[in-house]
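K.L.:
Before I ask anything, let me first share the structure, which is written out below as structure tokens.
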Number of protein chains: 2
Amino acid sequence: MRTVEAILEAMHERGCRVTGPRRVIVEFVLEQCEPFSAEDVFRALRRVQQTIGRATVFRTLDLLAELGVVERVHHPSGTHRYVVSSDGHRHHVVCIRCGRVAEFSGCNLEPILASIADQTRFRILDHWLELSGLCQTCQGETMAVSR
Amino acid sequence: MRTVEAILEAMHERGCRVTGPRRVIVEFVLEQCEPFSAEDVFRALRRVQQTIGRATVFRTLDLLAELGVVERVHHPSGTHRYVVSSDGHRHHVVCIRCGRVAEFSGCNLEPILASIADQTRFRILDHWLELSGLCQTCQGETMAVSR
DNA sequence: GATTAGTTGATACTGAGTATCATAAGGAGC
DNA sequence: GCTCCTTATGATACTCAGTATCAACTAATC
């Protein structure tokens, strides 16, 4: 797990300035354990620091994505979410009822990717596996209330 | 490959009306062999039929997605694209340079999904595997022009 | 042909994200 | 600590994708 200071240091090494707003955003982002939108960050920080600008939030999240601190996740709505990237390669399952997200590791897609590369003649550089379903809680509820 | 008439018939069976705009949109969609945005459809059809409305295009594409005629694909920009779906369960590889899309079948994810369900306690209902990379043509080009 | 419920298109709106630009402030060098 | 230069900021206005509304229209059933 990276610390706020380590991330700000990485920014500095990259030739970026360590500013108040960036520090506040990094601190906020590291506290999140669920995916969040830029708007979430903006709204939460507005409550703490009235003056922070929307553009700054977007810019800083872009920077954090470039630094590998967060990852952009596509949301079915078509908007971006961000997740703090943990070590290793991870994916998410989204609950279609309550929106809860679970992470899982070890997707072991390599053999599949190899056969696809073969089939399509593409060089596969990235993959995005997104699952949806019902979390444990909502499984119970849907027994009663059928959808 | 489905025909325009078969699709309009499916709409009718579903209790939807077969209207002029829907016919025009279905005809246009079936001609596409590359992914397209709703805006693409709107602009192309506006040239042919001045009066078609933006909302109608979005609504009809939604309907076609429900009927399984087209599939929604996420685009790195965060907007939706549509592709005409062929038979069976298929996924796509999108070229990050030219936007070309290749389909592939036989994703064989079942063992992986089972282990994920086990790990997360979710009941997995749907999965979405989307790959990005370089198509054969762009692989050649990037050798010369490094990115 | 009359009826009626689904569909349309114009319009205005929302929400995410970007462009612009004058002002503020980090930090390197002294 | 101070200066200066450059980057970063935030307010604002904008774009773009997609949605909501609603009166007018029309497909399809009788």
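The values are calculated or read from the model by the stated rules, or taken from the named source; none is laboratory data. Being a predicted model, the structure only gives us computed values, none of them experimental. In this analysis, Cβ positions are derived from the backbone assuming ideal geometry, glycine residues included, and neighbour counts consider all displayed protein chains.
K.L.:
State yes or no: is B:Ala38 surrounded by fewer than 16 Cβ atoms within 10 Å (Cβ to Cβ), in the same structural domain as B:Ile7 (by TED's automatic domain parsing) and either touching a Leu at 6+ places or on another chain (Cβ under 8 Å) or at pLDDT 95 or above (or both)?
P.N.:
Spelling it out, it is not the case that B:Ala38 is surrounded by fewer than 16 Cβ atoms within 10 Å (Cβ to Cβ), in the same structural domain as B:Ile7 (by TED's automatic domain parsing) and either touching a Leu at 6+ places or on another chain (Cβ under 8 Å) or at pLDDT 95 or above (or both).
Condition check ((1) near DNA strand C (Cβ under 10 Å from one of its atoms); (2) over 28 Å from B:Val73 (Cα atoms); (3) part of a helix (DSSP H, G or I); (4) within 14 Å of chain B (Cβ to nearest Cβ)) across all residues:
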site	(1), (2), (3), (4)
A:Glu39	yes, no, yes, yes
A:Arg46	no, yes, yes, no
A:Val73	no, no, no, yes
A:Gly78	yes, no, no, yes
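K.L.:
May I ask you to say which residue of A:Glu13, A:Glu9 is acidic (Asp, Glu), more than 14 Å from the chain's Cα centre (by Cα), within 13 Å of DNA strand D (Cβ to nearest atom) and exposed (fewer than 14 other Cβ atoms within 10 Å of the Cβ)?
P.N.:
A:Glu13
K.L.:
Which of the residues that make up region A:43-75 are in contact with a His (Cβ under 8 Å, 6 or more places away or on another chain) and within 12 Å of DNA strand D (Cβ to nearest atom)?
P.N.:
Within region A:43-75, A:His74 is the sole residue that qualifies.
K.L.:
Could you say whether any residue in region B:24-39 is touching a residue at least 60 places away in the same chain (Cβ under 8 Å), closer than 16 Å to B:Val84 by Cβ and within 18 Å of the chain's Cα centre (by Cα)?
P.N.:
Checking region B:24-39: at least one residue is touching a residue at least 60 places away in the same chain (Cβ under 8 Å), closer than 16 Å to B:Val84 by Cβ and within 18 Å of the chain's Cα centre (by Cα).
K.L.:
Counting only residues that are surrounded by 13 or more Cβ atoms within 10 Å (Cβ to Cβ), within 29 Å of A:Glu130 (Cα to Cα) and either modelled with pLDDT of 90 or more or not charged (D, E, K, R) (or both), how many does region B:48-72 have?
P.N.:
Qualifying residue count for the region: 12.
K.L.:
Could you check region A:48-68 and list, in sequence order, the residues that are assigned to a helix (DSSP H, G or I) and more than 12 Å from DNA strand C (Cβ to nearest atom)?
P.N.:
Matches in region A:48-68: A:Val48, A:Leu64, A:Glu66.
K.L.:
A further question follows. Evaluate the following for A:Val18: is it surrounded by 17 or more Cβ atoms within 10 Å (Cβ to Cβ) and either at negative phi or within 11 Å of DNA strand D (Cβ to nearest atom) (or both)?
P.N.:
no
K.L.:
Which ones in region A:1-37 are outside any helix (DSSP H, G or I) and more than 26 Å from A:His91 (Cβ to Cβ)?
P.N.:
A:Arg14, A:Gly15, A:Cys16, A:Arg17, A:Val18, A:Thr19 - these are the residues of region A:1-37 that are outside any helix (DSSP H, G or I) and more than 26 Å from A:His91 (Cβ to Cβ).
K.L.:
If you don't mind, there's one more thing I want to ask. Pull up region A:107-120, narrow it to residues that are exposed (fewer than 13 other Cβ atoms within 10 Å of the Cβ) and of a type outside the set (A, V, I, L, M, F, W, C), then point me to the one that is nearest to the other protein chains (Cβ to nearest Cβ).
P.N.:
Among those residues, the one meeting the criterion is A:Asn108.
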